[in-house]
Amino acid sequence: MYNSEPPLANTTMRVGLVGTGYAAKLRAEALRQDLRTHLVAIAGHTPETTTAFAQEYQTEVSNSWQQLVEREDLDLIVISAINQDHGKIARAALTNGKHVIVEYPLSLDVKEAEELIALAKAKNKLLHVEHIELLGGWHQALKQNLPQLGHLFYVRHSTVKPEHPAPRRWTYNHEYFGFPLMGALSRLHRLTNLFGEVLTANCHQRYWETETNYYQTCLCMAQLYFKNGLLAQVIYGKGESLWQSERRLEINGENGGLILDGDTGILVQANETTLIDMGNRRGLFAKDTKMVLDHLFYGHPLYVTPQASLYTLKVADAARRAANTGLTIFLTKES
């Protein structure tokens with residue numbers, strides 16, 4: 001995140017939004033509630049949906065994201081489009097002198113992500129990659145209780161979402177969504193944020209599909225070995241061949257364990273088991289948006305850097321290479 005321009009004062013941040021989906025609506029709500037911003041225009045994929053979105057949020061329609069990022073009356077571009085398009089939209093926005101907020105992943109290509117971070121620095125503009133998983137109750141509960149576990153040795157993080165039937169949406173498209181652990185980068189980023197550098201990655205994946213581009217189910221299982229000796233197993237699956245929903249994180253240490261299962265958390269130790277406060281998941285996009293604006297207007301620090309997101313993207317890319325080759329991938333700081 002680069003922004004050495006002086007903090008703004010007595011001005012309004014003029015915003016352009018790319019996307020009309022769930023994340024875009026949450027961004028639009030957050031912007032509407034903050035008097036420091038004015039949502040000027042929106043670009044979407046489907047004309048009818050984009051027009052309805054613009055009417056709801058009383059904003060203009062741009063014919064394309066290319067047209068949107070070139071507008072001189074915008075200061076900030078918020079990217080809530082399909083994963084495949086994140087990198088090229090961010091590049092165009094930065095090239096046109098705009099600050100950028102982009103939902104993870106910054107790109108599906110590691111080299112492109114590196115180039116975008118360098119471009120933001122060269123243009124002296126903010127590049128913020130959203131990682132709201134770090135702001136939610138799960139993560140805060142983890143950070144608060146980890147010291148009680150002693151030396152950590154094993155983590156299992158599982159996200160499984162059955163959908164019957166599977167929707168024919170971009171999130172089930174190989175190219176649009178990307179390799180599962182890149183498209184769903186937050187599953188790995190939570191771990192790299194807590195546990196640091198990864199030394200090796202193994203991974204296996206399977207798809208159920210009846211056409212070339214779209215699948216009905218995916219299942220991806222990765223093993224990460226961290227520099228501190230921690231072994232992590234990450235499971236990500238979705239679709240109609242899966243039958244049991246799961247959102248669970250288990251952390252095992254020599255003095256106890258943490259189990260986060262849905263909205264319930266417990267701390268398990270030798271002589272007692274304790275329920276822990278999990279907070280909530282509400283309002284995280286609004287919190288993220290406010291923190292970005294506080295950074296732009298007042299110079300307040302942000303909670304995540306694009307470099308941290310880039311590192312996790314490199315770990316996800318190592319898992320992708322492991323899945324494609326069947327080999328163990330060794331990571332270095334240059335990987």
Checklist line | Inter-site label distance for residue 140 and residue 156 at 7 Å from Cα along Cβ, in nm | finding: 2.8 nm
Item checked: Residue with peak Gaussian network fluctuation, the chain [Cα springs, cutoff 10 Å], from 22, 236, 311 -> 22
Notebook entry, point to check: Tilt of helix 47-56 relative to the longest C-alpha principal axis of the chain, in degrees (0 to 90, nearest 10)?
Noted result: 80 degrees
Check: How far, in degrees from 0 to 90, does helix 306-325 lean away from the longest principal axis of the Cα atoms of the chain, to the nearest 10?
Finding: 60 degrees
Note to self: Among 18, 315, 40, which one shows the highest mean-square fluctuation when the chain is modelled as a Gaussian network with alpha-carbon springs under 10 Å?
What the structure shows: 40
Notebook entry, point to check: Which FRET efficiency, nearest 0.05, do residue 255 and residue 330 yield, Cβ-Cβ r, R0 35 Å?
Noted result: 0.70
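In µm²/s, what is D for the range 13-130 at 25 °C and 0.890 mPa s, where D = kT/(6 pi eta Rh) by Stokes-Einstein and Rh is the Kirkwood radius from Cα pairs?
Using the Kirkwood radius from Cα pairs, D works out to 176 µm²/s.
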Checklist line | Listed residues 36, 169, 187, most fluctuating in the chain (Gaussian network, C-alpha, under 10 Å) | finding: 169
Next item on the list: Restrict the search to the range 242-322; then list the trypsin sites (Lys or Arg not before Pro) that DSSP places in a loop and that have at most 16 other Cβ atoms within 10 Å of their Cβ.
Entry: 281, 282
Checklist line | Proxy reagent accessibility, fewest Cβ within 10 Å first, across 80, 158 | finding: 158, 80
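So what is the relative contact order for the chain, in percent, with contacts set as C-alpha pairs under 8 Å and at least six apart?
Details: 704 pairs, mean separation 65.5, N = 335.
Across the chain, relative contact order equals 20 percent.
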Item checked: Nitroxide proxy distance, nm - points 7 Å out along Cα→Cβ at residue 168 and residue 11 -> 4.7 nm
Next item on the list: Divide by every residue of the chain the summed helix terms, -39500 (n - 2.57) for each DSSP H run of at least 4, and state the resulting mean residue ellipticity at 222 nm, rounded to the nearest 500 deg cm²/dmol.
Entry: -10000 deg cm²/dmol
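Restricting to the chain, what percent of DSSP beta bridges are antiparallel, rounded to 5? Working shown, then result.
Details: 45 of 74 bridges.
In the chain, approximately 60 percent of DSSP beta bridges are antiparallel ones.
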Note to self: Helix 86-95 against the longest principal axis of the chain: what's the angle in degrees, Cα atoms only, rounded to the nearest 10?
What the structure shows: 40 degrees
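Length gain on complete extension for the stretch residue 233 to residue 246, per 0.36 nm per residue less the alpha carbon to alpha carbon distance? If you can, show how the numbers build up before the last one.
Values: separation 13, 0.36 × 13 = 4.68 nm, distance 1.44 nm.
Taking residue 233 through residue 246 to full extension adds about 3.2 nm, to one decimal.
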Check: Using alpha-carbon positions, what is the distance between the centroids of the range 146-184 and the range 271-306, in Å?
Finding: 21 Å
Notebook entry, point to check: Gain in length, residue 277 to residue 64, computed as 0.36 nm per residue apart minus the alpha-carbon separation, to one decimal in nm?
Noted result: 72.2 nm
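When N is the residue count of the chain, what does its C-alpha Rg come to as a fraction of 2.2 N^0.38 Å?
On the way: Rg = 20.3 Å, N = 335, 2.2 N^0.38 = 20.0 Å.
Here the Cα radius of gyration is 1.02 times the empirical estimate.
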Notebook entry, point to check: So for the pair residue 122, residue 211, with labels modelled 7 Å out along Cα→Cβ, what separation do we get in nm?
Noted result: 3.9 nm
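Bear in mind these aren't lab numbers, they're just calculated from the coordinates by the rules spelled out. Keep in mind that this is a model prediction, so the values were computed, not measured. Note that we place each Cβ from the backbone using ideal geometry, even for glycine, and neighbour counts take in every protein chain shown.
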